[in-house]
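Here is the structure we will look at, set down as structure tokens.
The values are calculated or read from the model by the stated rules, or taken from the named source; none is laboratory data. Computed from a prediction, not measured in an experiment: that's the story for all the values here. Cβ placement follows ideal geometry from the backbone for every residue including glycine, while neighbour counts extend to all protein chains displayed. Only protein heavy atoms, including side chains, enter the accessible area calculation; ligands, DNA and RNA are left aside. Shrake-Rupley method; radii C 1.70, N 1.55, O 1.52, S 1.80 Å.
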Amino acid sequence: FFSPHRCKTVDLEFLKSIQGYATIIPILAKADTMTADELAEFRSTVIKKLKETGIKVFHSPFAIISSPYVVRSHHNSRGELVHGREYPWGTAESENELHSDLPALRRCLITEGLSELHESTRRYYERYRSDQLQRKNSVLNRVLRAALSFFQTALVIFAVKEAPRIKEELMEAELPPPVTYEPPASIMPAAPPPPPSQRLGGLKGWLAG
């Protein structure tokens with residue numbers, strides 16, 4: 001929505017930021033506050049600014065008179081009740097295409113431009129969806145790369161710290177147990193003979209007996 005006589009830079013920047021993600025239909029609000037010449041000049045200004053900033057629109061600007069009030073029309077002999085605003089100089093009717101583009105906007109959104117509007121919206125949604133998926137995949141890839149780098153670093157630190165202990169345990173596990181050999185009793189060596197003193201004492205005892 002563009003306020004009367006105001007084509008603000010902030011409005012153009014906002015439209016530029018959503019371009020490609022939403023269908024843009026410029027609306028010239030409160031058209032009944034401008035004369036016919038002022039409205040024509042303001043419409044030309046908005047169209048020029050949109051082109052200069054490279055903003056693509058679905059339709060040229062609509063000048064709208066929107067009113068919740070019901071007034072008596074002065075533009076037909078029956079004096080029907082219509083939506084509009086009363087002024088000292090006359091009545092501005094919302095549904096009168098001589099005063100307002102509201103009927104044209106309604107046809108653009110609901111009947112004449114409906115299929116094209118749907119197609120435009122679908123293209124923008126697909127583009128938005130594709131951008132979001134790429135962004136999510138990019139974030140996920142960065143997270144996975146960071147996690148992989150962390151685990152690789154942790155593994156290297158663990159290996160450097162525990163390598164001597166692990167090597168020692170492996171070496172101990174590979175050493176065979178000590179072997180003890182006991183010869184059988186049948187080949188055990190004979191006991192040594194008693195000393196001579198013991199043999200002599202035994203002979204004396206035998207003679208005394």
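The table below gives the values:
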quantity	calculated
Electrostatic dipole magnitude of region 83-144 [Cβ: Lys, Arg +1; Asp, Glu -1; Cα centre; debye, to 20]	800
Value in Å of the Kirkwood radius, where region 1-50 supplies the Cα pairs that are averaged	11.5
Cα-Cα over 21 Å, subset of 56/136; 30/51; 8/56; 16/136	56/136; 30/51; 16/136
Pair residue 37, residue 115: separation of 7 Å Cα→Cβ label points (nm)	4.4
Residue-level accessible surface for residue 46, protein heavy atoms, 1.4 Å, Å²	0
Solvent-accessible surface (1.4 angstrom probe) belonging to residue 111, in square angstrom, nearest 10	90
Net +/- balance of residues flanking residue 45 in space, Cβ distance below 15 Å, scoring K and R +1, D and E -1	+1
Heavy atoms of residue 118 accessible to a 1.4 Å probe, total area in Å² rounded to 10	110
